[in-house]
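Presented below is the structure to which this report refers.
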Amino acid sequence: MFQAVLGTYGLRAEKCKIEPFGSGLINHTWKVCHEGSAYILQEVNKAVFHHPQHIAQNIRAIKAYLDQTAAGYLFIAPIKALNGDDFVVVNNHFYRIFPFLAHSCSVDFVQQPEQAYQAAKQFGQFTRMLRAFDVQKLKPTIEDFHNLPLRVVQFKKALAKAGNEKIKEAKFAIEEIIRHDNIEAQYAQLVSSGALHLRVVHHDTKISNVLLQAETGVGLCVIDLDTVMPGYFISDVGDMMRTYLSEANEEENDFNKIVIRNDVFAAIYKGYMKEMNQVLTSAEKQFFIYSGKFMIYMQAVRFITDFLNGDIYYKTNYPEQNLVRGLNQIDLLNKYVARQLEFEEIISEIDRNKEIVLKKY
């Protein structure tokens with residue numbers, strides 16, 4: 001495979017050092033070193049991205065726009081093969097190569113508020129740079145990716161079909177999902193009322209999707225652009241809330257370790273609003289805190305739905321893993337909701353001071 005793919009870029013596999021790279025769970029990724037140059041080779045997961053050509057089309061359109069409007073912005077697009085193609089197809093598998101950015105690094109989880117600030121600033125800058133881009137030029141790369149009403153419908157269908165034992169095991173989770181159904185109702189109202197503007201958003205804003213300057217920790221750019229498509233800002237902000245606020249991730253089964261860090265919340269707000277304050281409408285800004293509820297709730301719904309369906313979507317290593325993941329997210333949601341007033345105070349203080357200083361709350 002390596003010889004067939006790399007050869008189309010003028011590289012000889014036998015002269016390359018090739019090793020697995022990164023911690024991504026969707027695509028297979030390798031670092032390729034060849035005669036003093038380094039590249040990232042990636043196989044796109046067609047089980048998730050059914051139309052890789054849509055990814056290529058979106059990235060091509062965004063790059064063309066940024067080349068015209070923001071030539072100095074660091075946008076890492078795939079290198080074209082010798083024949084000019086964005087992808088190389090071998091045995092119906094889609095591959096591409098990116099340049100490897102020297103003196104860059106990424107982290108897998110937020111260790112300190114400054115990292116959250118740098119990441120939020122990068123994701124905010126990305127959407128700001130594309131504020132005048134025609135979002136209708138982008139194709140959905142994953143249909144209904146953050147369609148919360150659809151996820152709730154899927155949950156209800158799974159609940160109707162699940163056996164009594166599954167329902168009994170997930171009783172608390174099911175009750176909590178139903179108890180928080182106002183989150184879905186509010187989302188539907190926001191979309192139908194037009195309060196949220198359709199924008200170019202990343203949709204997968206985990207900290208590892210930002211490259212940092214290795215020596216200083218300053219944000220350089222966003223990466224993994226496969227999920228870039230039309231959406232609402234609450235998707236990007238909400239996913240940062242979901243994955244940055246607690247050091248414990250969704251796999252943690254000791255829920256005492258799920259602790260909301262207010263200083264990280266402040267960092268997300270400061271970083272994102274540093275770029276997006278003049279872009280978001282006054283109405284949108286009112287739903288900054290809601291974005292966390294939206295994404296955490298949706299992920300809880302998806303995990304419990306998959307558990308009820310017999311674990312057909314998310315990979316599992318033990319029988320109750322999706323149930324544990326769902327309960328983990330429910331615990332995170334409840335702790336997040338309990339901080340609502342504190343979050344409001346943090347935002348008010350930041351807006352009053354207009355300072356980018358990360359203090360402990």
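Any idea what log10 I(q)/I(0) is at q = 0.13, 0.16, 0.19, 0.22 Å⁻¹ for region 34-117, Debye with uniform C-alpha scatterers and no solvent?
Relative scattering, expressed as log10 I(q)/I(0), comes to -0.58, -0.85, -1.07, -1.19.
Starting at 0 and stepping by 5 Å, how many percent of the alpha carbon pairs of region 218-286 end up in each bin?
Once binned at 5 Å, the Cα pair distances of region 218-286 give 3, 13, 20, 23, 20, 13, 7, 2, 0.
Accessible area, 1.4 Å probe, largest first: how do GLU349, GLU344 sort?
GLU344, GLU349
Debye calculation, C-alpha points only, no solvent: report log10 I(q)/I(0) for the chain at q = 0.07, 0.11 Å⁻¹, in the same order as the q values.
Values, matching the q order: -0.32, -0.80.
At a 10 angstrom cut-off on C-beta neighbours, averaged per residue, how do the peptides 79-87, 51-59 rank from highest to lowest?
51-59, 79-87
For SER104, list long-range residues whose amide hydrogen, built 1.01 Å from N in the peptide plane, is under 5 Å from its own amide hydrogen.
Sorted by chain and number, the residues that satisfy this are ALA214.
Could you give the distance between the Cα centres of region 304-355 and region 209-268, to the whole Å?
12
Probe radius 1.4 Å, ligands and nucleic acids ignored: give me the carbon and sulfur share of the accessible area of the chain as a rounded percent.
51
What pairs in LYS161/LYS315; LYS31/LYS257; LYS31/LYS121; LYS166/LYS257 have C-alpha atoms more than 24 Å from each other?
Over 24 Å Cα-Cα: LYS31/LYS257; LYS31/LYS121; LYS166/LYS257.
State whether region 127-242 is rounded, prolate or oblate according to the following rule on the C-alpha gyration tensor (a ≥ b ≥ c being the square roots of its eigenvalues): a/c under 1.5 gives rounded; otherwise a/b larger than b/c gives prolate, and the remaining case gives oblate.
In terms of gyration-tensor shape, prolate.
Considering Cα pairs under 8 angstrom that are at least six residues apart, work out the relative contact order of the chain and quote it in whole percent.
19
To the nearest 0.05, how large is the calculated FRET efficiency for ASP108 and ALA185 if R₀ is 25 Å and r is the Cβ-Cβ distance?
Calculated value: 0.15.
So what is the 222 nm mean residue ellipticity for the chain from helices alone, if each DSSP H run of at least 4 adds -39500 (n - 2.57) and you divide by all residues, rounding to the nearest 500 deg cm²/dmol?
Result for the chain: -14500 deg cm²/dmol, rounded to the nearest 500.
Between LYS31 and LYS139, take the C-beta separation as r, use R0 = 30 Å, and let me know the FRET efficiency to the nearest 0.05.
0.55
In Å², what does the accessible area per residue of region 61-152 work out to with a 1.4 Å probe?
Result: 49 Å² of accessible area for each residue.
Give the Rg (one decimal place) followed by the Dmax (whole number) of region 86-179, computed from C-alpha coordinates and expressed in Å.
Rg then Dmax for region 86-179, in Å: 21.0, 55.
Dimensions of region 225-330 along principal axes (Cα, Å, largest first)?
47, 31, 24
For region 78-122, what is one quarter of the convex hull surface built on the Cα atoms, given in nm²?
Seen from a random direction, the Cα hull of region 78-122 projects 5.2 nm² on average.
Can you work out the accessible area per residue across region 169-290, with the rest of the protein chains kept in place, probe 1.4 Å, in square angstrom?
Accessible area per residue, region 169-290: 38 Å².
Would you rank VAL201, VAL324 by solvent-accessible area, highest first, keeping every protein chain in place and using a 1.4 Å probe?
Solvent-accessible surface, decreasing: VAL324, VAL201.
Does anyone have the angle between helix 233-244 and the longest principal axis of the chain? Alpha-carbon axes, 0 to 90°, nearest 10?
Here the helix axis deviates by roughly 80 degrees.
Name the residue from THR8, ILE178, HIS28 whose Cα lies farthest towards the positive end of the charge dipole of the chain, charges +1 on Cβ of Lys and Arg and -1 on Cβ of Asp and Glu.
Positive-end residue among those listed: THR8.
From the Cα trace of region 274-338, what convex hull volume per residue do you get, rounded to a whole Å³?
Measuring per residue, one finds 119 Å³ for the Cα hull of region 274-338.
So how much slack lies between ILE79 and LYS157, counting 0.36 nm per residue of separation and subtracting their Cα-Cα distance, in nm?
That works out to 23.7 nm of additional length.
Go through VAL228, TYR272, LEU333 and say which Cα lies farthest out towards the positive end of the charge dipole of the chain; charges sit on Cβ, +1 for Lys and Arg, -1 for Asp and Glu.
In the chain, that residue is VAL228.
The values are calculated or read from the model by the stated rules, or taken from the named source; none is laboratory data. If you're wondering where the values come from, they're calculated on a predicted model, not measured in any experiment. Backbone-built Cβ (ideal geometry, glycine too); neighbour counts: all protein chains shown. The accessibility values were calculated without ligands, DNA or RNA, using every heavy atom of the protein model including side chains. Shrake-Rupley method; radii C 1.70, N 1.55, O 1.52, S 1.80 Å.
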